[in-house]
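To keep things clear, I will list the structure first and then write my remarks on it.
Each value in this text was obtained by applying a stated rule to the coordinates, not by laboratory testing. Since the structure is predicted, the reported quantities are computational estimates derived from the model, not experimental observations. Reconstructed Cβ throughout: ideal geometry from the backbone, glycine too, with neighbour counts over all protein chains shown.
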Amino acid sequence: MLVRDVAYGQVPRSQRAEKHRRAAEWIEGLTTDREDRAEMLAYHYSSALEFARAAGQPVEGIAERAREALREAGDRAYLLGAYGAASKFYEGAVELWPDDHPGRGELLLRYGRSLFLWAADVEVVSILEEASDLCMQSGSPEVASEAEVTLGNLHWFRSDRELARPHFEKAFALAHDAPPSRSKAFVLSELARNAMLGDEDAKAVELAKEALEIVDQLGLDQLRAPTLNALGVARVKLGDRGGLADIERATEVENNSPERIRAFVNLASTYGELGEVQRSVALHEEGLREGARGATPGMMRWLEAERAWDEHLTGRWSEAEPHAEAFLAEVEKSQPHPMEMAAREVRAFIRLARGDESGAQEDSQRVLNQARAAQDAQVLLPALAFHAHLLYGMGRRDEAVALADELLERLPSKQSALRSHWTLPLAYVLSGVDRTADFEEVAASAPISTRWLDAASAFAAGRFEEAASVLAEIGAVADEALLRLRAAETLVEAGRRPEADVHLQQALAFYRSVDAAGYIRRAEGLFAASA
């Protein structure tokens, strides 16, 4: 390597352009696949262009070949999930691409999408907007629809649903009547995913199935995993556990694929929503291991927030707290992230347990404010339930009941919303104000049974040991302790002190292990009351 570098340094700069050009042309003449040498071609043509300019030589022909080589290298890197490298190649191609060339709009789309996937805090809105405009001007509405759906994803990722919605609507309008194509399949797949995230699950299933027909018809295997991912989650939310098999199939794509990591996230989250906590935790850990070998920063941050939630749930608060703090500190320095709400809820749970009611309320209120802005049931229903429970525990019962009523009002229009973790705090509040019948209606309307709902229903019915046993079985250590504490409070009020003491002893064992001073005081106060 040293001899090579010295020899290269002795070649006069005026000759290097010609040598790089000839090297590129020789590589182009090889019989191997062009894709496998895209990066080498981009390097040699870019170097030839650089030295030709420095030597004052004509560059028109070299510039054209350089920009094509850079675009191909970007495409190759993008397909491999190397979005950072792809964005660099596309950036070089954009700099060389004529403003009036018909392919500029599609190139800007690829550049903007790779930037968004690599670093969501980079400002790419203007790039994607220009891509959409140029594609429409050049008579490529199907490519413009890709730019629009990517803009929608970008705004959704930043928790701005109001800005996202018109882009999704425009993308659908542009793609709906278009003939089958890769662009149409991509847009339908992305719209299916966003419909699923917005609890429009019947619509998500319809869009995903239409996308899969095009995928099968045109052999678009790279779009199969994301489409199966959206289809599977939507099916489960509608009550069909067969959707889990769809998500499993999405995890079977090649290693290091971003869609494989996303499938791990969705499969883990779906099992978690169903109350199969141990399976969910194992999948998150597998996703983190896979992601360490090449996932995008945005996907890894998502998994990091999920890890903090898992650690809270399973009682590993010494790990959960610093992980949540680190995640939130990063959010403060960059753009908003959808998982900020999960990280704040983790910190709020721990703060409340340790007696920091003001800190817990601050975090919980911020989660609720963000959830209201998002208007997604998957984040709004849990936010309402937890904040209601927090206020109830602070003695602000009227405010707590008002939030519980808001949740009940919003629920009928979200029949596919899984009755997951949030049913526990809702059950605590409603049973505490003698409205168990309201909770029974929530349970009866569930599209699919979950272990969380089993525990919450048992608690609401006064079957406290059964409820605690369900949580212990699924590994929700922190929730088991809280349920036992709430059960003890109810039993003390009813004069059933020996039963209350059994629950208190088990709750205290956990709270002492995690230094939950606030809940320790509550439990010890109950012992005094029952003496």
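A few remarks follow.
- Note on the stretch 80-99 and the stretch 208-286: Cα centroid distance 30 Å, given to the nearest whole angstrom.
- Relative contact order of the stretch 168-295, pairs being alpha-carbon contacts under 8 Å that are 6 or more residues apart, as %: 17
- Between helix 224-237 and the chain: long-axis angle, C-alpha atoms, 0 to 90°, nearest 10: 20
- In percent, rounded to a whole number, the relative contact order of the stretch 1-115 is 20, using alpha-carbon pairs under 8 Å and six or more apart.
- The stretch 190-299: GluC sites (Glu not before Pro) falling in loop per DSSP and having at most 15 other Cβ within 10 Å: Glu252, Glu254
- Extending 7 Å from Cα along the Cβ direction at Arg396 and again at Glu18 yields two label points whose distance is 8.0 nm.
- With Cα atoms defining each centre, the stretch 111-172 and the stretch 358-416 are spaced 32 Å apart in the structure.
- Rounded FRET efficiency, nearest 0.05, which uses the C-beta distance separating Glu493 from Ala444 and R0 of 35 Å: 0.80
- Placing pseudo-labels 7 Å out from each Cα toward the beta carbon at Glu252 and Gln222 gives an inter-label distance of 2.2 nm.
- Principal-axis analysis of the Cα atoms of the chain puts helix 104-118 at an angle of about 40° to the longest axis.
- Exceedance of the 18 Å cut-off in Cα-Cα distance is limited, within the set Lys184/Lys237; Lys170/Lys203; Lys19/Lys88, to Lys184/Lys237; Lys19/Lys88.
- Label-point separation in nm, Val3 to Arg165, each point 7 Å along Cα→Cβ: 6.9
- Once the Cβ-Cβ distance of Ser334 and Glu285 is raised to the sixth power relative to R0 = 25 Å, the FRET efficiency obtained is 0.50.
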